[in-house]
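The structure under discussion appears below in the form of structure tokens.
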Amino acid sequence: MAVVLLCVGGAFALRNYNLERSADRAAAYEEKNNPVKRELVDRLLAEHTRALKDRDLKAFLAPFDPADKLLVADQTRVFHNLTKIPFGEATFANRTMGDVTPLGAGFTFDLMVGFLHRIGEYDRAPIERRYFWKVVQNERNGPLKVTAIDKIPAGFKASDDDFYPTPWDKWDNVHVEKTAHTLLIVDGSLRAQARRHAPSLEAAAVKNIAAWKAAGVEGDVPSGFVVSLVKGRKEQGTLWRVADEPPTEAGISIGMATAEYDAKMERLDGPLVAGSRVVIDLNTSYFTAAHPDGPPIIFRHELAHSMMATLTAVDRTGTGHPGRTMWTVEGFAEYMAYSPKPWTASKSIPEGRRQLRADRGEVSLPDNRVWDSSSAGRLNYHYLLGHSAMDYIAGKYGEQKLFQFVAGNYRGKSVEDLTQELFGVSYQEFERQWAAHVSGTLR
């Protein structure tokens, strides 16, 4: 027994010795290859988060190199803008640390920072805006200093949704105008316009939400909307997104994807689209004396997109929008914009008659391949056709069926399946009946 115990004791001693050597080797490897500890970075970002929450400007600026006056001034501006936004939550999180390289007696590295945020009751889950920080540690285990911030990294395209211009980054002075169901975020120079249009925007939100509730369709839609008014297409294409080409639309609703991870790098369990950001160009005909009903129309149109966006199905096909047809998406927005007026009240009716004559009276619902691949006149005609289809469905089958049809399409069901399921007719027969209605009305 003594011999056996001696052997066992020796085995345990040898095992512990090997474990200690392995731990020492791991620590030496970590010290050599990762001299800047992640815990130090995490503490810096936690304090940065606290500083924003507590409106502590001094602490918020602490990470930034005080020798760089421009950087400090920029982040002072960002801080004051951020404090005007009613965030329900706002967290700076360590996404990835780049390779640590020697710099004098210390080190430098790139840090990808995720700003996870949820704006009040307007977002159903956090979204993320990412930045690249250039970080310097002048001596081993010394404090970290941020020497530069890259807001839109070179090589990243508009499809990289986590990198996009935000109002707090873009404008010197953000102005926020809040109503019961909307949050207007504008450049400070547009404060008067925001106040002037806020009541009309609020009325549009109330009407859209009431229509959804009256239809009695299952599904959670936003109880409020985040909207920005801008002047000019350049501004319109560089807020909450980076447009590949100068935009042609008067307004856009941008669905903001739910952040994949939270600040603790744990997967979030929530909707595909957490909320939307609406951007509307004031330099369009909707805001001229010749179009007095313009603001309510464009407001209700874009808010209709935002209302339905949170129903968007997860794309399992790789096509971007599984099952969704543009004539359904845009037609519904037009229907909401003009309701309770019929589709024949649309300002696109004259263009529709011209296009119908050019097509020798032939009319069909445009598929996604041809939706916007032609002239502006043809695109306006497509909007009108979608609008007429929505009006036709509401008139023949009732508004509840209309909302069920649109919601089903957003959730991934094809229009072919939905016409059979909801209307009891094939898609071909639905299109034939609708086409007869449209051509007879436009002639």
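The values are calculated or read from the model by the stated rules, or taken from the named source; none is laboratory data. As the structure is a prediction and not an experimental result, all values here were calculated from the model. Cβ: placed from backbone, ideal geometry, glycine included. Neighbour counts: every protein chain shown.
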Requested in this report: Could you tell me whether any residue of the stretch 370-392 is without any contact (Cβ under 8 Å) to a residue 12 or more places away in the chain and basic (Lys, Arg)?
Outcome: no
Query - Residues satisfying the stated conditions in the stretch 377-390, i.e. touching a helix residue (DSSP H, G or I) at 6+ places or on another chain (Cβ under 9 Å) and either of a type outside the set (D, E, K, R) or closer than 22 Å to residue 299 by Cβ (or both) - result: 377, 380, 381, 382, 383, 384, 385, 386, 387, 388, 389, 390
Query raised in the report: Out of curiosity, is residue 257 within 12 Å of the chain's Cα centre (by Cα) and at pLDDT below 90?
Result: yes
**Report entry** Matching residues in the stretch 402-443 - criterion: being under 26 Å from residue 221 (Cβ atoms) and of a type in the set (S, T, N, Q)
**Finding:** 404, 409, 414, 419, 420
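Residues are listed down the side, and each one gets a yes or a no for (1) over 18 Å from residue 443 (Cα atoms); (2) in a helix (DSSP H, G or I); (3) at pLDDT below 90:
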position	(1), (2), (3)
362	no, no, yes
373	yes, no, yes
388	no, yes, no
404	yes, yes, no
407	yes, yes, no
Report task. Return yes or no: is residue 73 within 19 Å of residue 147 (Cβ to Cβ) and part of a helix (DSSP H, G or I)? Result -> yes
Requested in this report: Return yes when residue 68 is more than 26 Å from residue 189 (Cα to Cα), modelled with pLDDT of 95 or more and surrounded by 15 or more Cβ atoms within 10 Å (Cβ to Cβ) and no when it is not.
Outcome: yes
Query raised in the report: Can you find even one residue in the stretch 232-247 that is closer than 23 Å to residue 178 by Cα and not in a loop (DSSP other than H, G, I, E, B)?
Result: yes
Requested in this report: With a cut-off of at least 1 residues that are closer than 16 Å to residue 85 by Cα and free of Cβ contacts under 8 Å to residues at least 60 places away in the same chain, name the strands (runs of 3 or more DSSP E) lying wholly within the stretch 140-215.
Outcome: 174-178, 182-187
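Matching residues to (1) touching a strand residue (DSSP E or B) at 6+ places or on another chain (Cβ under 8 Å); (2) modelled with pLDDT of 85 or more; (3) closer than 16 Å to residue 410 by Cα:
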| site | (1), (2), (3) |
| --- | --- |
| 270 | no, no, no |
| 282 | yes, yes, no |
| 285 | no, yes, no |
| 288 | no, yes, no |
| 291 | no, yes, no |
| 306 | yes, yes, yes |
| 324 | no, yes, yes |
| 346 | no, yes, no |
| 355 | no, yes, no |
Report summary line: Reported set for the stretch 76-119 where residues are small (Gly, Ala, Ser) and surrounded by fewer than 16 Cβ atoms within 10 Å (Cβ to Cβ) is 88, 98, 104, 105
